[in-house]
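Have a look at the structure below before the remarks.
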Amino acid sequence: MESVVISLGGSIISGDPLNVKFLGEFCREISKFEKKTRFGIVVGGGKLARNYISSLRVLKVNDHVLDEIGIHATRMNALATATFLKDVNHRIPTSINDAAELMNLYSYTVMGGTEPGHTTDTVAALLAERVGAKKLINATSVDGVYSDDPKKNPNAKKILRLSHDEAISLSLKGSIGAGPSVFMDLTSLNIAKRSNIEIYVIDGSRVSEYGNILENGKTSGTLISG
Ligand code: UTP
């Protein structure tokens with residue numbers, strides 16, 4: 001059975017309030033593939049994480065503590081996602097190894113972050129590597145990778161295909177002065193490169209994208225491959 005990991009960006013599900021309509025549609029869409037696919041779903045922190053982190057950062061709270069708070073937010077969103085699925089874990093794993101073991105037991109394994117110092121993109125790449133998944137879907141709020149931040153530069157061009165090395169250069173360029181404009185963090189791209197994992201960067205709110213990728217590897221987003 002094929003394993004697929006989805007990095008479900010928190011911004012897609014965690015607005016104000018929780019985007020239950022999307023979660024219902026997303027879970028219905030991927031469940032069409034549950035007979036042939038095992039899913040690892042790594043959920044981001046979204047607004048929940050950002051609200052806490054930005055309020056406390058101005059008070060100069062230690063970054064490690066802020067990351068811990070962010071991780072709690074991701075796990076809360078992961079558990080919320082689990083309530084929309086059957087044959088899924090309801091105890092959120094705190095390590096990649098534990099999540100990998102759960103993937104042998106359930107059709108769907110949901111998790112959030114693991115430890116401070118990275119984001120759920122890296123968790124998703126590590127999980128994909130650990131379980132031998134060759135497809136990682138990065139569900140974001142932008143419909144692919146752009147030559148520049150499309151929210152700031154109207155002339156930014158969408159790039160349909162990239163090699164891992166090209167994606168790494170682009171992420172490096174964007175990560176100077178770090179911020180949400182980076183489409184995926186560097187560590188996750190390096191892990192994908194070393195284990196030859198294909199990454200689909202998609203507008204995660206477009207539910208049909210998941211079906212197209214799972215059915216025939218087609219995407220209107222960006223495919224990053226070796
Ligand atoms: P996200 O993975 O959602 O961060 O985790 P992000 O990519 O910055 O958020 P989006 O996708 O743009 O909305 C939220 C926060 O939780 C902490 C980090 O502080 C991160 O910014 N975190 C998450 C960790 O420290 N470790 C993890 O493994 C995951």
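The values are calculated or read from the model by the stated rules, or taken from the named source; none is laboratory data. These numbers were taken from a predicted model, which means no experiment stands behind them. Counting neighbours? That spans all protein chains shown, and the Cβs are built from the backbone with ideal geometry, glycine included. Calculation scope for accessible area: heavy atoms of the full protein, side chains included, ligands and nucleic acids excluded. Shrake-Rupley method; radii C 1.70, N 1.55, O 1.52, S 1.80 Å.
Pairing residues of segment 1-27 that are assigned to a helix (DSSP H, G or I) with residues that are modelled with pLDDT under 95 and more than 14 Å from the ligand (Cβ to nearest atom), at Cβ distances under 6 Å and at least 6 apart in sequence or on separate chains, gives no pairs at all.
Checking each residue in segment 13-57 for being of a type in the set (Val, Ile, Thr) and touching a Leu at 6+ places or on another chain (Cβ under 9 Å) picks out ILE13, ILE30, THR37, ILE41, VAL42, VAL43, ILE53. Can you spot a residue in segment 32-47 that is assigned to a helix (DSSP H, G or I), within 16 Å of the ligand (Cβ to nearest atom), within 16 Å of the chain's Cα centre (by Cα) and touching a residue at least 12 places away in the same chain (Cβ under 8 Å)? Checked against the condition, which is being assigned to a helix (DSSP H, G or I), within 16 Å of the ligand (Cβ to nearest atom), within 16 Å of the chain's Cα centre (by Cα) and touching a residue at least 12 places away in the same chain (Cβ under 8 Å), segment 32-47 yields at least one hit. Residues in segment 82-100 that are open to solvent by 20 Å² or more (accessible area, probe 1.4 Å), in contact (Cβ under 8 Å) with a residue 40 or more places away in the chain and within 24 Å of ILE202 (Cα to Cα): PHE84 alone.
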